[in-house]
Structures are given as structure tokens and as C-alpha cells.
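Worksheet for the structure shown next.
The values are calculated or read from the model by the stated rules, or taken from the named source; none is laboratory data. The structure presented is a predicted model; accordingly, all values stated were derived computationally and were not measured. Here Cβ is always computed from backbone atoms with ideal geometry, including for glycine, and neighbour counts include all displayed protein chains. Surface areas here come from the heavy atoms of the whole protein model, side chains and all, with no ligands, DNA or RNA. Shrake-Rupley method; radii C 1.70, N 1.55, O 1.52, S 1.80 Å.
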Amino acid sequence: MWNVIGFSIVVLIIVAFFAIIIGIYNSLIKLRNSVDNAWSQINVQLERRVDLVSNLVETVKGYSKHEKGTFKEVTQARSNLSDAETVKENEKANNQLTESLKSLFAVAEAYPDLKADESFESLLKQLSDTEDQIAYYRQLYNDIVWRYNNKCQMFPSNILANFFGFENERYFEIEESEKIVPKVNFSEEPVESQNI
């Protein structure tokens, strides 16, 4: 009788052990898939941004024929973003596009008729909405990466993560230049920007 009870206890312990391993493994898979999904959401928004930038460039081109350098810079940045595959490449291309858009907006400022154009205003609104979506999905992605990386690094799941080859994911970060908040001042004197 004790042999049957002892055998049953051993079987229960083994079953519980494998249930825990399966649970940890499945949670790692779920988090890795969540990271992939969050990244695809960022890519959707980045692609939308690329499309909007194309339309903006064409709209601005119609008003300013002599700004070829700015258009070439924006087009190259847009192309780099479309071709980027890794988080790091996307990060770099996204930052490059942001910088080139600043130049494009400076060109647009020189043309009052352009700023009053309804299609241009609509494109700017859509671009602003898309930038908000990119910021939202970047935060979501980084939150999921944080949870996934914690799971990969914390005991006991780190043992299974190492055994099955789960690797830490990279955060989607912005460059220092994007962290500069422009200071708004309507007086005559120029004001320096400040870091956040």
C-alpha cells in the first residue's frame, strides 16, 4: 500500500514539475510573440508615415521648385526607413527621417500659400496623428520587451530561456536630439532649446 502511495506521490511531483516547465515555456513564447506583434504595429505606423511623407514632399514640391537638396534628403531618409529590417536600423532610419522632416517643414514655412493649402493641412494633421501612434506603439513595444527580457533573465524562467535559446530583445529608443524640447517664445530675442 505504501508503495502505491509513494509511487503516486512521485508521479504527481513529476507531473507538477513538467506542468511548471510547460507553463514557463508557453509564457516565454507568448511574450516573444507579443514583442513581434508590437514591432509589427510600429512597422505599420512607420510605413504609414513614409506614405504621408511622400505626399507631403510632392505637395511642397509644387510650391518650391528650388529646394531639391531638402527633397533628396527626405526621400533618402524615407527609403532608408522602408528598407530597415532590425530594431536598430529602424531606430536610425526613423531618427534620420525626423531630422529631414524638420528641414521640409522649414521649407514649408517660407511659403504662406502652402501653409494655407487644405491638402497640406490635412497631410500635416494625418502625420501628427501617425506620430502619436508611433509614440504609443513604441511605448507598448518597449513595455512588452521589458516584460519579455525580465522573464528571460529571472529565475527560474531564465534556465528555460537559456536552454531553448530565447534571447533578450532590443528596446526601440530615440536619439538625444529628439529629446530636445523647443522653447516657445513670441518675443524678439531668440531662445535656446532645453534638454528633457
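Regarding I5, is this residue in contact (Cβ under 8 Å) with a residue 40 or more places away in the chain and among the β-branched types (V, I, T)?
No, not satisfied.
Could you say whether any residue in segment 128-144 is in contact with a Ser or Thr (Cβ under 9 Å, 6 or more places away or on another chain) and buried (at least 19 other Cβ atoms within 10 Å of the Cβ)?
yes
Hey, K183 hits all of (1) at pLDDT 85 or above; (2) in contact with a strand residue (DSSP E or B) (Cβ under 7 Å, 6 or more places away or on another chain) but one; which does it fall short on?
Of the numbered conditions (1) at pLDDT 85 or above; (2) in contact with a strand residue (DSSP E or B) (Cβ under 7 Å, 6 or more places away or on another chain), the odd one out for K183 is (1).
Restricting attention to segment 54-76, does a residue exist that is without any contact (Cβ under 8 Å) to a residue 60 or more places away in the chain, within 30 Å of F166 (Cβ to Cβ) and polar (S, T, N, Q)?
The answer is no, given that none of the residues of segment 54-76 is without any contact (Cβ under 8 Å) to a residue 60 or more places away in the chain, within 30 Å of F166 (Cβ to Cβ) and polar (S, T, N, Q).
Keeping to segment 40-61, report how many residues are over 15 Å from L104 (Cβ atoms) and open to solvent by less than 30 Å² (accessible area, probe 1.4 Å).
Residues flagged as over 15 Å from L104 (Cβ atoms) and open to solvent by less than 30 Å² (accessible area, probe 1.4 Å) within segment 40-61 amount to 3.
Under the condition of being among the aromatic types (F, W, Y) and modelled with pLDDT of 90 or more, which residue from segment 162-180 is nearest to the chain's Cα centre (by Cα)?
Taking the candidates together, the pick is F166.
Against the conditions (1) surrounded by 18 or more Cβ atoms within 10 Å (Cβ to Cβ); (2) hydroxyl-bearing (S, T, Y); (3) more than 29 Å from I24 (Cβ to Cβ), where does S157 fall short? Just the number, please.
Failing condition for S157: (3).
Exactly one of (1) modelled with pLDDT under 90; (2) outside any helix (DSSP H, G or I); (3) not hydrophobic (A, V, I, L, M, F, W, C) is unmet by R138. Its number?
Evaluating R138 over (1) modelled with pLDDT under 90; (2) outside any helix (DSSP H, G or I); (3) not hydrophobic (A, V, I, L, M, F, W, C) leaves (2) as the failure.
For segment 143-161, which residues satisfy the criterion of being assigned to a helix (DSSP H, G or I) and more than 19 Å from the chain's Cα centre (by Cα)?
Those that are assigned to a helix (DSSP H, G or I) and more than 19 Å from the chain's Cα centre (by Cα): N150, K151, C152, Q153, S157, N158, I159, L160, A161.
Just the residues that are over 19 Å from D51 (Cα atoms), surrounded by fewer than 16 Cβ atoms within 10 Å (Cβ to Cβ) and more than 22 Å from the chain's Cα centre (by Cα), please, taken from segment 69-123.
G69, A106, E109, A110, P112, D113, K115, A116
Can you give me the ranges of the helices (runs of 4 or more DSSP H) entirely in segment 19-134 with at least 2 residues that are within 30 Å of M154 (Cα to Cα) and out of contact with any helix residue (DSSP H, G or I) (no Cβ under 7 Å at 6 or more places or on another chain)?
87-109
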